[in-house]
Amino acid sequence: MKKKNILNLIKYYSEKNDTGFRNEAYEIAKDFDENGDPQLAEYIMAMLSSTNTFVPQINSNEMRLLEKVTITTDSLPLPEAIQQDIIGIINAIGHNAGINKFLFEGMPGTGKTETAKHIARILERELYTIDFSLVIDSKLGQTQKNIVELFNEINSFNNPEMVIILLDEIDALALDRTNSNDLREMGRATSAILKGLDTLDERVVLIATTNLFEHFDRALIRRFDSVINFDRYTKEDLIDISAILLNEYLSKFKTAGKNARLFKKIISLMNPVLMPGELKNLIKTSLAFSNPGEEFNYLKRLYQAITNNTELDINVLTNQGFSVREIEILTGISKSQVARSLKE
């Protein structure tokens with residue numbers, strides 16, 4: 001352990017920077033392990049895993065517009081390009097350089113909200129979201145006042161370096177003012193958001209998501225340090241992601257069999273292939289409603305949900321590129337009978 005490590009520990013503790021403190025402690029443990037003291041290294045690791053150095057302190061009674069989100073550990077497969085952007089965000093936050101406002105834009109189901117949850121999990125921060133139904137008010141000027149109150153709540157955390165704020169589907173507040181029926185009221189609301197972002201504590205990480213980026217207020221876009229496009233999925237990306245999702249769900253359905261080749265053939269029939277959020281629902285539903293006594297019944301259901309070939313016409317299946325064995329799996333008709341039917 002070097003003097004620099006001790007100074008960094010003191011610095012991070014005084015700043016209440018839990019992420020920096022933990023990273024420095026892990027480096028110290030690694031150094032002890034590499035220099036012949038694995039027991040001390042294990043002791044440090046055990047201490048870190050069993051305690052939370054700092055906990056955000058905010059009175060729940062004082063929170064009217066913020067709601068804490070439960071972080072899940074579900075897998076989140078993303079294309080390589082988006083993965084690299086997320087790694088960049090995590091590194092930027094770790095450097096404490098005041099880069100803390102990010103906008104995720106893209107179609108519904110592309111993983112924007114789930115990515116925010118995973119960033120919170122990786123950085124060991126608490127995630128809070130906003131109930132926009134409480135923010136938007138029909139009374140003249142009240143929405144603006146609620147936005148001011150919202151940012152006051154956000155800036156009231158005692159440990160802001162341990163918090164991520166998610167403005168999910170911020171479209172409700174931030175659509176282009178020229179497209180609003182009430183330009184004056186929308187202008188006041190947008191101005192309040194602009195001011196709130198300008199005065200946001202740099203230690204708080206804020207992530208906003210939008211499905212309507214083309215209608216987003218330009219002045220608001222400039223307030224974000226980075227805009228991440230979640231529409232960068234190729235068909236191959238989506239087919240690979242669907243296979244990852246299937247493997248995850250198959251572990252919960254013990255009677256279902258695995259046939260990755262046939263599964264991918266079925267998914268590739270979609271044009272376009274659904275986004276991950278919709279793929280999840282499609283795969284889960286096919287498995288949940290399948291006959292437990294039929295190993296590959298979920299593949300039949302998946303195929304029927306994707307195509308109009310509900311009667312499982314053998315000639316249609318053949319023209320779609322399915323082998324005799326695959327047709328047997330989907331239809332329940334023996335290979336020999338399938339072969340005879342095709343000859344006839």
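Values in this text are rule-based calculations from the coordinates and carry no lab data. None of the values given here were measured: they were computed from a predicted structure. So basically every Cβ, Gly included, is an ideal-geometry build from the backbone, and we count neighbours across all protein chains shown.
Annotations for the structure displayed:
- The chain - Rg over Rh from alpha carbon coordinates, Kirkwood radius: 1.08
- Calculated FRET value between LYS68 and ARG222, using beta carbons and R₀ = 30 Å, to 0.05: 0.50
- Sites ARG121 and LYS30, calculated FRET efficiency, Cβ-Cβ separation with R0 25 Å, nearest 0.05: 0.70
- Cut-off under 5 Å, modelled amide H: who pairs with ILE333 long-range: none
- The stretch 94-103 - phi-based ³J(HN,Hα) in whole Hz, Karplus 6.51/-1.76/1.60, Gly and Pro as x: x, 7, 6, 9, x, 8, 9, 10, 10, 10
- Calculated FRET efficiency, HIS215 to ASN315, Cβ-Cβ distance, R0 = 56 Å: about 0.75 to the nearest 0.05.
- Proportion of all alpha-carbon pairs of the stretch 194-344 beyond 22 Å (%): 54 percent
- For the chain, built as a Gaussian network whose Cα springs stay under 10 Å, the top-fluctuating residue of ARG232, ARG325, ARG218: ARG325
- CD proxy at 222 nm, helix term only [per DSSP H run n ≥ 4: -39500 (n - 2.57); per residue of the chain; nearest 500]: -16000 deg cm²/dmol
- Net charge contributed by nearby residues that have their C-beta within less than 14 Å of GLU236 (K/R +1, D/E -1): +1
- For the chain, share of DSSP beta bridges that run antiparallel, in % to the nearest 5: 25 percent
- Within the chain: Cβ-based charge dipole about Cα centre, in debye rounded to nearest 20 (Lys, Arg +1; Asp, Glu -1): 540 debye
- Diffusion constant of the stretch 235-322 at 10 °C, which comes from Stokes-Einstein with the Kirkwood Cα-pair radius and 1.306 mPa s, µm²/s: 121 µm²/s
- Net charge, TYR298 excluded, C-beta distance under 13 Å - Lys, Arg +1, Asp, Glu -1: +4
- Fully extending the segment from THR255 to LEU342, taken as 0.36 nm per residue of separation minus the present Cα-Cα distance, adds 28.2 nm.
- Kirkwood-based Rg to Rh ratio, the stretch 289-344, C-alpha trace: 0.96
- Restraint check, LYS68/LYS300; LYS4/LYS112; LYS284/LYS335; LYS68/LYS252, Cα-Cα greater than 32 Å: LYS68/LYS300; LYS4/LYS112
- The protection proxy used here, the mean number of other Cβ atoms lying within 10 Å of each residue, ranks peptides 265-273, 203-211, 286-294 as follows, highest first: 203-211, 265-273, 286-294.
- Maximal additional length on extending the LYS2-SER14 stretch stands at 2.4 nm, based on 0.36 nm per residue less the C-alpha distance.
- Residues whose amide H comes within less than 5 Å of that of ILE228, counting only those at least five positions distant or on another chain, are LEU103, PHE104, GLU105 (H built at 1.01 Å from N in the peptide plane).
- GNM flexibility winner over the chain from ASN96, ASN308, ASN259 (Cα, springs under 10 Å): ASN308
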